[in-house]
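Heads up, the thing below is written out as structure tokens.
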Amino acid sequence: MNVSLDWYKIFYEVTKKRNITEAAQSLCISQPAVSQTIKQLEESLHVDLFLRTKKGVTLTKEGEVLYLYISEAMEKIKLGETKVAEQVNLESGEIRIGSSDMCLQFFLLKYLEEFQKIYPKIKISITNGPTPETIKLLKEDKIDFGLVSEPFELEDKFTSIKVCKIEDIFICGEKYKDLSKQKITLKELEKYPLICLEEHTSTRKYIDERFKENGLECSPKYELATSNLIVDFAKRNFGIGVVVNKFAEEKLSKKEVYKNDIKEKIEPRNICIIKKEKLISKASNELLNFIINQ
């Protein structure tokens, strides 16, 4: 059976209008074209679909059965068109983001706040996790893009965009305050209990590499899941903490913790957007452009 979808659209409109002329006007085609299409549809289905009267047309029993299914299909098509239009106009849609706590708290959050003011109907889903986990989610197409901190390794099919610099610092509490008044080496730090993030994080990897560059091994006494905990541990004199400077700013300003001046230079690193070289939703692309252009 060779039936065009356009034939069903015309059948649907004629049924709704109960009048071929009015259906033709609604569809912006000629009345003879509508009549011819209905005739072709009836011949293809081997059945009369309408009873013609002076006032218009009414459905036959067979026509009523067909309309029951065609109307459901047409309403879904119209709903689909409406939903697509809403997403094109950013009146709906969803953005899926992967981000570490640090990237979310100290970089992404301010952009999300402004973006939601402009596009309040866009749904935003955020999966928190360290850099390796975010990269894995991107590979599995479970997020549209990720916010990660260096260092990391990406396959060629990924794109990385640097968006913000961060600095790793060493901090201590009152017990080790005297250390903050002098320059010390990483070698000298081996004498003190060290507080670091867990090994699977990019921050820990970066610190491990700095120690190795100087012929040393980073052997922390305390390995914690979050940088906020490291700041708290340092404040309570458990040892020397290693965190991104943003996490310690408030307590440094209140002199609840103190910054240790390290002789070896530890270069700043970057927070980066990572994404695949593929099309993503208009909403996700709009947020990416919003962040990059800012």
Does Ile77 fit the bill of being under 30 Å from Lys142 (Cα atoms) and outside the structural domain of Glu150 (by TED's automatic domain parsing)?
-> yes
If we ask which residues in region 92-108 are over 17 Å from Asn245 (Cβ atoms) and assigned to a helix (DSSP H, G or I), their number turns out to be 1
Using the structure shown, decide if Glu155 is loosely packed, with under 13 Cβ neighbours inside 10 Å, under 21 Å from Ile274 (Cβ atoms) and in the same structural domain as Ala283 (by TED's automatic domain parsing).
-> yes
Mind checking which pairs have a first residue in region 71-92 that is at positive phi and a second that is in a helix (DSSP H, G or I), Cβ under 9 Å, 6 or more apart or different chains?
-> Leu90/Ile118; Leu90/Lys282; Leu90/Ala283; Leu90/Glu286
Sort through Phe170, Phe211 and tell me the only one that's closer than 30 Å to Glu153 by Cβ and out of contact with any Cys (no Cβ under 9 Å at 6 or more places or on another chain).
-> Phe170
Quickly run through region 159-184 and pick out the residues that are among the acidic types (Asp, Glu) and surrounded by 14 or more Cβ atoms within 10 Å (Cβ to Cβ).
-> Asp168
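Between Lys175, Lys187, Lys165, Lys181, which is farther than 17 Å from Val242 by Cα and basic (Lys, Arg)?
Exactly one residue qualifies, and that residue is Lys181.
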Please give the number of the condition Ser125 fails out of (1) within 20 Å of Ala283 (Cβ to Cβ); (2) of a type outside the set (D, E, K, R); (3) surrounded by 14 or more Cβ atoms within 10 Å (Cβ to Cβ).
-> (3)
Which numbered condition trips up Lys9, out of (1) closer than 30 Å to Cys272 by Cα; (2) touching a residue at least 60 places away in the same chain (Cβ under 8 Å)?
-> (1)
Scanning region 21-39 residue by residue, those in a helix (DSSP H, G or I) and more than 18 Å from Ser71 (Cβ to Cβ) turn out to be Thr21, Ala24, Gln25, Gln31, Pro32, Ala33, Ser35, Gln36, Lys39
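The values are calculated or read from the model by the stated rules, or taken from the named source; none is laboratory data. The shown structure was predicted, so the numbers you read here are calculated from the model rather than taken from an experiment. Positions of Cβ are generated from backbone atoms using ideal geometry, with glycine treated the same way; all protein chains shown enter the neighbour counts.
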